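Down below is the structure, laid out as structure tokens.
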Amino acid sequence: MKDFSTRVAAITGAGSGIGRALAVELAASGCNLALSDIDADGLAGTAELVADRKLAVTTDVVDVADRTAMQAWADDTAEAHGAVHLVVNNAGVALAGTVEDTPMEDYDWILGINLWGVIHGTKMFMPHLRAAEEGHIVNISSVFGLFAQPSQSAYNATKFAVRGFTEALRQELDMDGGNVSCTCVHPGGIDTNIARNARLDKSLADVMPGDQEDVREGFQKALHVSPEVAARRILKGVRRNARRVLIGPEAYAVDALQRVLPTAYQRLVPLSTKLL
């Protein structure tokens, strides 16, 4: 996709952060929007930001972990807009805690949103993308889809899985030679609500210095790239049909570290954590 004008983009997690920034950036390019989020108030706020563009904009409160709801949203979006050209599976949450002590229910929660949300968005919209003259899927992984860290087993599991899922999908689409492609995005520290809203298990104290609020504050301080910068970087990647998009200096540093020290980095990260 080189041009977003008159196209239709469906974005999950559009109520804030990268999802909201993408909606605003796409609207400025003349793209019609189908926006979803589980946060109705946030979703309404995003809709207000693009209301003066005189574009077709639909909003739906959707839980991406709900397969039936995602199927209905995809079909309703295609019916309301007549086509879907771009799908951004952006909705995501964070969870920190040790493998031993993190409750299974918390693993179910994060897997449902971060991984199944991506799978649902890809599968449910694929027939509609196929039916359009061109289509592109953007799946948001993370810098934590490139390397692992103590306390991040659940988040790592979902973001590594999104990476593998998307890279396999891209190869299948390449082999198919059709009109649909995809990109995997690995953001570093983007200033969104994800750290503020993260679930922090008490076992986090076993591997990270300070109490839960100290850790949350430390995570938040590391988020220094604006969602607007991230959105522009993502759309640039779509235009050049990139396989992978790295966002922020941390993402480039971690990518280089993992390439140079693919297993040895696992010794370095715990040591650096102890020095904090």
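The values are calculated or read from the model by the stated rules, or taken from the named source; none is laboratory data. Bear in mind that the values here come from a model prediction, so they are computed numbers and not experimental data. Cβ atoms come from the backbone with ideal geometry, glycine included; neighbour counts cover every protein chain shown. Quick note on the areas: whole protein, heavy atoms, side chains included, nothing else; ligands and nucleic acids left out. Shrake-Rupley method; radii C 1.70, N 1.55, O 1.52, S 1.80 Å.
Percent of C-alpha pairs per 10 Å bin in region 107-164, short distances first: 24, 44, 23, 8, 1. For region 98-161, the dipole from Cβ point charges (+1 on Lys and Arg, -1 on Asp and Glu) about the Cα centre works out to 300 debye, to the nearest 20. Rounding to the nearest 10 and keeping the result within 0 to 90°, find how far the Cα-based axis of helix 17-28 lies from the longest principal axis of the chain. It works out to around 30 degrees.
Apolar share of the accessible surface for the chain: 54 percent from carbon plus sulfur atoms, 1.4 Å probe. Using the 1.4 Å probe convention, the accessible area of region 1-54 works out to 39 Å² per residue with neighbouring protein chains retained.
Using a 10 Å cut-off on Cβ atoms, rank the peptides 92-99, 173-180, 6-13 from the highest mean neighbour count down.
Going by the mean number of other Cβ atoms within 10 Å, highest first, we get 6-13, 92-99, 173-180.
Using a simple spin-label model with pseudo-atoms 7 Å out from Cα toward Cβ, Leu261 and Thr68 lie 5.0 nm apart.
Just the accessible area for Tyr155, please: 1.4 Å probe, Å², rounded to the nearest 10? Accessible area of Tyr155: about 20 Å². Each helix, a run of at least 4 DSSP H residues, gives -39500 (n - 2.57); summed and divided by the residues of the chain, these come to -15000 deg cm²/dmol at 222 nm. For the chain, the Cβ-based charge dipole about the Cα centre amounts to some 1160 debye (Lys, Arg positive; Asp, Glu negative; other atoms uncharged).
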